[in-house]
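A short write-up of the structure that comes next.
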Amino acid sequence: MLNYDAFCSLGTFYRSPDGGYSDDNLYHRCMRAWSWAIGWPLHDMARLAHVATDKLTGEPYVYCLHRNDAATFAQVFCAASYMCKAYSKLIAKGIRCFEGSRR
């Protein structure tokens, strides 16, 4: 989720001519940041990152929220709810939700 006034798109999803993600756009910056954060080779990052796309158009989902826009808010809430995964997290049980896949 991004501030549309600051970033109106992620940029190109294709690799740079050098085979990596060296372009100066938001998607490439995110790929470099994730690569560094998890210690994974940058050239292997393509299979680890996913941008949700519309099944009909193949275009990335873009929602522009405006104040008092209940219809768009409902769409964004539904689209983003997958990140919460309340059904799979043990809340208030003293169990860490992060780093679980590293073990």
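What follows draws every value from the coordinates through simple rules; no lab data is involved. The model shown is predicted, which means the values in this text are computed figures rather than measured ones. Backbone-built Cβ (ideal geometry, glycine too); neighbour counts: all protein chains shown.
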Original post:
Given 0.36 nm per residue, what is the gain on full extension from Phe13 to Gln75 after removing their alpha carbon distance, in nm?
Top reply: 20.0 nm
Original post:
Expressed as a whole percent, how much of the Cα-Cα distance distribution for the range 27-74 exceeds 13 Å?
Top reply: 67 percent
Original post:
Given the Cα-Cα distance of Ala49 and Ser22 and 0.36 nm per residue of separation, how much length would full extension add, in nm?
Top reply: 8.2 nm
Original post:
What FRET efficiency comes out for the pair Cys64/Arg29, r = Cβ-Cβ distance, R0 = 22 Å, nearest 0.05?
Top reply: 0.55
